[in-house]
Amino acid sequence: MTPQEREEAERLANLFMDHHEDLLFIHKHNLVRNSARINNIIRYAMVGMVVLMVAMLALVATFTTRMDSITSYMVTMASDMDRMRQDFRDVTEKMRSMEQSVARMDGYVAPMPAMFVSVDAMGGRMYEMRDDLVTVAESMSRIQQRMLSMGRNLQDMDRKFVDMSGAVGGIGSDVNRMSRPMSILPNN
C-alpha cells in the first residue's frame with residue numbers, strides 16, 4: 001500500500017469514526033428526549049388519576065349526606081302513614097258502630113205499640129251516633145293533619161333532590177375544570 005493510499009484510508013477511517021460518534025450522540029439524545037416525554041406522560045396521568053379520585057370521593061360524600069336527610073324524611077312519612085292507618089281503623093270502627101245503631105233503630109221502630117220506648121231508645125242511639133260522628137270528625141282532622149305533614153315532607157324531600165342535583169352538577173363542572181390540564185398531553 002502506498003503512503004498516499006494509506007493516508008486516504010486513515011482519512012476515511014477518521015471520517016467514519018466521526019460519523020459514527022455523531023450518530024451515537026443523536027441516538028442517545030433521542031433516547032433521553034423520549035424518556036423525558038414518557039416520564040411527563042406518566043406524571044400527568046398520575047395527576048389526572050388523583051384528580052378523578054378526589055372528584056369521585058366528593059361525589060360519594062355528597063350522596064351519603066343527602067341520603068341521610070332523605071332517609072329521615074322517609075322515616076317520618078312512614079310513621080305518619082302508620083298513624084293514618086290507625087285513624088282509618090278508628091273511622092271504620094265508628095262507622096260499624098253507627099251501622100249497628102241504625103240497625104237497632106230499625107228494630108225500635110218496628111213494634112208500633114211500644115213506640116214511646118222505641119223513641120226514647122232512639123234518642124239514646126242518636127246521642128251515641130252524635131258521639132261517633134264527633135269521633136269520626138276528629139279522626140278525619142288527624143288524617144288531614146297527617147296528609148299536610150306528608151306534603152311538607154315531600155316538599156322537603158323534593159328540595160333535597162334539587163340541592164343534590166345542583167351539587168352533582170357542580171362536581172361535574174369541577175371535574176371538567178380539573179381535567180383541563182390533561183389536554184396538554186401528547187396524543188401519541
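The values are calculated or read from the model by the stated rules, or taken from the named source; none is laboratory data. These numbers come from a predicted model, not from an experiment. Ideal geometry is used to build each Cβ from the backbone, glycine not excepted, and the neighbour counts take in all protein chains shown. Just so you know, the surface numbers come from the protein's heavy atoms only, side chains and all, with ligands and any DNA or RNA stripped out. Shrake-Rupley method; radii C 1.70, N 1.55, O 1.52, S 1.80 Å.
Taken over the stretch 39-92, the criterion of being among the β-branched types (Val, Ile, Thr) and within 24 Å of Leu154 (Cβ to Cβ) is satisfied by Thr62, Thr64, Thr65, Ile70, Thr71, Val75, Thr76, Val91.
Among the residues of the stretch 114-121, are any of a type in the set (Gly, Ala, Ser), part of a helix (DSSP H, G or I), open to solvent by less than 70 Å² (accessible area, probe 1.4 Å) and at pLDDT 80 or above? No: zero hits.
Once the stretch 144-188 is narrowed to residues that are buried (at least 16 other Cβ atoms within 10 Å of the Cβ) and either more than 29 Å from the chain's Cα centre (by Cα) or farther than 19 Å from Thr76 by Cβ (or both), the residue that is modelled with the highest pLDDT is Ala167. Taken across the stretch 63-78, residues that are more than 24 Å from Arg146 (Cα to Cα) and not in a helix (DSSP H, G or I) do not occur at all.
Okay, residues lined up against (1) more than 27 Å from Arg177 (Cα to Cα); (2) charged (D, E, K, R); (3) open to solvent by 80 Å² or more (accessible area, probe 1.4 Å):
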residue: Gln4; (1), (2), (3): yes, no, yes
residue: His27; (1), (2), (3): yes, no, yes
residue: Leu31; (1), (2), (3): yes, no, yes
residue: Asn34; (1), (2), (3): yes, no, no
residue: Asn40; (1), (2), (3): no, no, no
residue: Ala58; (1), (2), (3): no, no, no
residue: Ala61; (1), (2), (3): no, no, no
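In the stretch 138-163, the residues that are under 13 Å from Gln86 (Cα atoms) and of a type in the set (Ser, Thr, Tyr) form Cβ pairs under 7 Å with partners that are open to solvent by less than 80 Å² (accessible area, probe 1.4 Å) and part of a helix (DSSP H, G or I), at six or more places apart or across chains, as follows: Ser139/Asp87; Ser139/Asp90; Ser139/Val91.
Residue under question is Met67, and the condition is that it be among the aliphatic types (A, V, I, L, M) and either under 14 Å from the mean Cα position of the chain (by Cα) or open to solvent by less than 70 Å² (accessible area, probe 1.4 Å) (or both); does it hold? Please lay out each step first, then the result.
Working: among the aliphatic types (A, V, I, L, M): yes; either under 14 Å from the mean Cα position of the chain (by Cα) or open to solvent by less than 70 Å² (accessible area, probe 1.4 Å) (or both): yes.
Criteria met by Met67.
The residue that is modelled with the lowest pLDDT, among those in the stretch 99-110 that are out of contact with any helix residue (DSSP H, G or I) (no Cβ under 6 Å at 6 or more places or on another chain), open to solvent by less than 70 Å² (accessible area, probe 1.4 Å) and more than 23 Å from Ser139 (Cα to Cα), is Gly107.
If I filter the stretch 81-98 for residues that are open to solvent by 90 Å² or more (accessible area, probe 1.4 Å) and under 19 Å from the mean Cα position of the chain (by Cα), do I get at least one hit? Checked the stretch 81-98: no residue is open to solvent by 90 Å² or more (accessible area, probe 1.4 Å) and under 19 Å from the mean Cα position of the chain (by Cα).
With respect to Thr71, determine if the residue is modelled with pLDDT under 85 and of a type in the set (Ser, Thr, Tyr). Yes, satisfied.
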